[in-house]
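Right, one structure below, let's go through it.
The values are calculated or read from the model by the stated rules, or taken from the named source; none is laboratory data. For clarity, every value in this text was computed on a predicted model and none was experimentally measured. Here the Cβ is made from the backbone with ideal geometry for all residues, glycine too, and neighbour counts use every protein chain on show. Accessible surface is based on the protein model in full, side chains and every heavy atom, while ligands, DNA and RNA are left aside. Shrake-Rupley method; radii C 1.70, N 1.55, O 1.52, S 1.80 Å.
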Amino acid sequence: MDTLFSIATVEAGIRLGLPVALAALGAIINERSGVLNLGLEGMMLSGALGGYIVNDATGSPWIGLLAGLLVGASTGGVFAGLVVTFRTSQVVTGIAFTIVAIAATTYLFQLRWDIGELPPRVERLGMWPLVALTLVCVAAVWFLFRRTTLGLTISAVGESPESADALGYNVVLIRWMATIAGGALAGLGGAVLVNGPLGLFIEEVTAGRGWVALALVVFAGWRPVPAVAGAFLFGLCDAAQLRLQGTATEVPYEVFLALPYVVTLIALVVRARRSHTPAALGDPYVRGAA
Amino acid sequence: MTSSDTRQPASGTTPSPKSTWPPKLDGWLDAVSRRATAEGILSSILVPVVSALAALVVGGVLIAIDGVNPLSVYQAILQGVFTKSRGFSYTATVATPLVLIGVGYALAYRARVFTIGGEGQYLVGAVAGTAVVTAGGVGDLPRVVLIVMGLGAAMVAGALWGGLAGVLANRFGASIVISTLMLSFIGDSLLQWAVRDGIRDPESYNANSRPITAAALPSFFGQKTHLGFLFALVLVPIAWWLIRRHRWGFRIDALGHNPGTLDANEFSSARVTLSVLVVAGGLAGLAGMVETTGVNIRLGQEASVGYGWDAIIVALIGRLHPLGVLIAGLGMAGLTIGFESAQRQFELPSSLVSLITAFVIIFVVWGDAIAARWKEAR
């Protein structure tokens, strides 16, 4: 067990926590505006594939990250079109969106690399640049909601779209922007996963990390700093799981396989009641309907 | 108890809470669980059919981009289902778990209880059922007893897995979408452990359970279709009856439309949430054991083939209606089976089928929104 609590595990934990942290930040912006984004997992996965293909083609992980950001933003745009403009059910659309993203990324991946053919490993970024990137994003989201009018406007739209509308703010536009920003950060998170700790793409590479991010947002009470702390905790469990899989221990390694999800479940239970849910979360806004 | 609990026909006569409707909803559920009006039937049939055709067109474009003639692919799919001798039988076999899980989802979604945990419930059901029928000392029991014990254990395990999400939601307010998903991942870990260690066949080199042939389901209609398909066929009218004629089904729809009416009648919406999750979980657990004893010889690591995820699509395309779920399940199974032979023939990516079905569901969601706008405009 002494190898478990080593610097290497902590480092791996940070590395694996970063993608989740970025996706959680995206979900915070998204949900503060009142749009519940259950497509987050799908957006992360799309960003991961985009980041991987572009990194493979250009040889630059930084361009790969940019690609993940852009792919994520465009999936966010599609999602906004459906739930904000067409006012489809946010829950159903989100689940459907993730199903489509899983199928589409698998399809594109299979088109590019035949089964059995080994997809190339791409150049990976080290930990510190990615930590710096994530910290910049955390600071930006914190600043947005604590210090800017735009952040207050987004929150107002999520709490009471009618009042925001009456004050002259464009609810639809703000929700569009928030959803695109959320998708962009989720896509960036996926690209970080592929261009950082993993260095390769496999089918469903995100393995539920987008859903974990959504749970963390509840746990964090829609605040960026606790969300990142939660993501680090998830990363640590993930790293411990990977480390212990090969070694023979008293406890079956499947326990560690399940651990990140058990911890997420516990986090969801512990904080759910005390959360500060945006009042209009999940409600489509129809002008003049209320 | 209260008036809602006294015995009265839940349907046919207009129930009193209905006057407090029309419910404030987004168009989607409105279109789905509306009582049968001509317009309702039209939109609930038209939207999925048009969506399916549109998805096939998109799929055709993708096939064409791949340099293959889409029409010959679709022809091969139809031939695979309708002219090959085993096409029907395989289709029914694949449809069985989809329909069993899909009906459970449909009941839950009618109550706006958005569980996506069918895969985990399916797996824990398969593990529990297999553990019971391969336990020491049950080998001498008659096959019927073994089958009933196995299926019963699977249903209980699935129901507990689903019910756990209900308890977490009712007591702690945990989001059901996320908790059922986490429980699916945990259920998969449980399967991995069970076949590697817990209920592993000590004489087998591979990680799998002892053979479950003693509890194998009888098959009919040729070699492949098993008793489980009959379960699915029987479940559909039962679920239909529950929705249209039983108080429980009425409460489910009340919870989906306007939880306030339940509370106003002093009937706890938490109980409906829990019961619907237990039932959906039990059905998914049943599906897991039915698949294990109907199709496979042992339970292995590869038991997770994603029926629990595909059934979400089946429930939504089937408009949360049991008959719709059956049709959608058969359609999806047919596409899968037909595509299997077409895929080999034309060397297409195996994930194309999931992509096409995924497009159906996006088009259904979109089509509903368009239909709702249309109605508003008039």
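Quick notes on this one:
- Angle in degrees between helix A:90-112 and the longest Cα principal axis of chain A, rounded to the nearest 10: 40
- For the range A:1-89, the carbon plus sulfur part of the accessible surface works out to 74%, probe radius 1.4 Å.
- Estimated vicinal HN-Hα couplings, Hz - the range A:137-142 in sequence order (Karplus 6.51, -1.76, 1.60; Gly, Pro = x): 5, 4, 4, 5, 5, 4
- When B:274, A:144, A:65, A:242 are compared by accessible area at a 1.4 angstrom probe, the order from most to least is A:242, B:274, A:144, A:65.
- Largest to smallest in accessible area, the residues B:122, B:90 fall in the order B:90, B:122 (1.4 Å probe, all protein chains included).
- Remark on chain A: Rg and Dmax equal 18.8, 63 Å (Cα only).
- Loss of accessible area when A meets B, both sides summed, Å² nearest 100, probe 1.4 Å: 3800
- Largest to smallest in accessible area, the residues A:203, B:119, B:347 fall in the order B:347, A:203, B:119 (1.4 Å probe, all protein chains included).
- Residues in the range B:364-378 that, when all protein chains are in place, have 20 Å² or more less accessible area than the chain alone would give (probe 1.4 Å): B:365, B:366, B:369, B:373, B:376
- Relative contact order, whole percent, for chain A stands at 38, derived from Cα pairs under 8 Å and 6 or more residues apart.
- Average Cα contact separation per residue, the range A:34-154, under 8 Å, 6 or more apart, as relative contact order %: 30
- Shape call, the protein assembly as shown: gyration tensor on alpha carbons, a/c limit 1.5: rounded
- Burial here means at least 20 square angstrom less accessible surface with every protein chain in place than with the chain by itself, probed at 1.4 Å; in the range A:177-226 the buried residues are A:211.
- At an R0 of 41 angstrom, the distance between the Cβ atoms of residue B:206 and residue A:6 translates into a FRET efficiency of 0.75.
- Heavy-atom surface of the protein assembly as shown, accessible at 1.4 Å and reported per residue (Å²): 41
- Percent accessible area from carbon and sulfur atoms, the range B:248-378, protein chains only, probe 1.4 Å: 60
- Burial of 20 Å² or greater, the range B:157-186 residues [accessible area, probe 1.4 Å, versus chain by itself]: B:168, B:172, B:173, B:174, B:177, B:178, B:181, B:182, B:185, B:186
- Mean Kyte hydropathy of -0.5 or more with a Cα span along the axis of at least 20 Å, helices from DSSP in chain B: B:38-65, B:87-110, B:118-133, B:143-172, B:176-193, B:227-245, B:269-294, B:322-346, B:352-377
- Estimated from helical segments only, the mean residue ellipticity of chain B at 222 nm is -23500 deg cm²/dmol, where each DSSP H run of four or more residues counts as -39500 (n - 2.57).
- Largest GNM mean-square fluctuation across B:364, B:278, B:57, computed for chain B with C-alpha springs under 10 Å, falls on B:57.
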